[in-house]
Structure formats: structure tokens, C-alpha cells
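The values are calculated or read from the model by the stated rules, or taken from the named source; none is laboratory data. These numbers were taken from a predicted model, which means no experiment stands behind them. Heads up, the Cβs are rebuilt from the backbone with ideal geometry, glycines too, and the neighbour counts pull from every protein chain shown. Calculation scope for accessible area: heavy atoms of the full protein, side chains included, ligands and nucleic acids excluded. Shrake-Rupley method; radii C 1.70, N 1.55, O 1.52, S 1.80 Å.
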Amino acid sequence: MRRAAAVTVLASGFVLGCGAPPRVVRTYVGEPHPTAELALVRAARHGFFGGNALNVAAVAVDGSPVPVGSWIWQAPPDLELEPGTHTLTLAIDEGGSLRTLDYPRAAFRAEPGHLYELRGERVPGSVEFSFFTPSRFGWRWSVVDTTAGATVAESATASRK
């Protein structure tokens, strides 16, 4: 039993030492609010076999940076938002690397008690290959209110990675 506890503590220390992000980030100042009074934003995860689906994460909320992990197995944290209009700065999550050529911004009105999901997809036929640089492609994003079943924000044009 002690051995299992020691392994758990060591594993936790390893994860924390690797720059693991918190599981949930409170994006407001002050005391924690009850869950029913907040909106939650979650990055959709597709893994390696997602086809044209991309993992998209928020790197900032209303201009404030969001702590993200630095290892491929670390999912970006969920974001607690107070109700109201917010702007998320988005990037493609390639497992420990959140980047894009441009960082699009998604503005939407967050409702209390709602769950929002960040989604992304590669634009078919947009891949540019080069011998000297990594391949680039166009991608689109959306913010979906899974509670109401509606898209609340989406890209008007393709961003570039």
C-alpha cells in the first residue's frame, strides 16, 4: 500500500515538474463561484486519427494568457468563465506545441451553466508542401455551445498554420 502511494506521489511530482497545466483555470478574479453560475470552455480532443479534425485550444482569454502543457499527453485545461462576452485567442494543439501562423480570436457571449467546446478542422486541399519548411495548411475553428446545441462563434475565413 505504501509503495502504491509513493508511486502516486512520485508520478504527481513528475507531472507537475513537467509543466503540466491545471485541469481547470479560473479566468476571473475573486472567490470561486458555484458551477451553475459559470460557463465552462473545453477543447475537443481528436487524437491522432481524427481525419481533418484538429485539436484547438485557447492560449488567452480576454488578452490574459492561459497556462498550457508542454508535453504531447497534456490536454489544455478547461476554462471557467463568468457570464458575459469573452474573446478567446486560439491555436492548434499539436501535443505540447500550440501554434499557428495567425492566432484567430473567437468572441462570444458565455451563458451560466453552459458547456462550450472548441473545435477545429483542416481545410481540405489546403496543404502546402515545401522541401525546406514544414507543411502549412488552412484551418477553421468554431465554438459550440453543447448545452444549447448551437455554434456561437466560427471562423469566417481559414487561418494558416
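Worth a mention:
- Pro34 vs. criteria modelled with pLDDT of 95 or more and open to solvent by 50 Å² or more (accessible area, probe 1.4 Å): yes
- Where Pro22 falls short, out of the listed (1) at pLDDT 65 or above; (2) surrounded by 14 or more Cβ atoms within 10 Å (Cβ to Cβ): (2)
- The residues of region 130-161 that are open to solvent by 20 Å² or more (accessible area, probe 1.4 Å), outside any strand (DSSP E or B) and at pLDDT below 90, listed by number, are Ser130, Phe131, Phe132, Thr133, Pro134, Ser135, Ala156, Thr157, Ala158, Lys161.
- Answer residue from region 105-129, given it is of a type in the set (A, V, I, L, M, F, W, C) and modelled with pLDDT of 70 or more and is farthest from the chain's Cα centre (by Cα) among those: Val123
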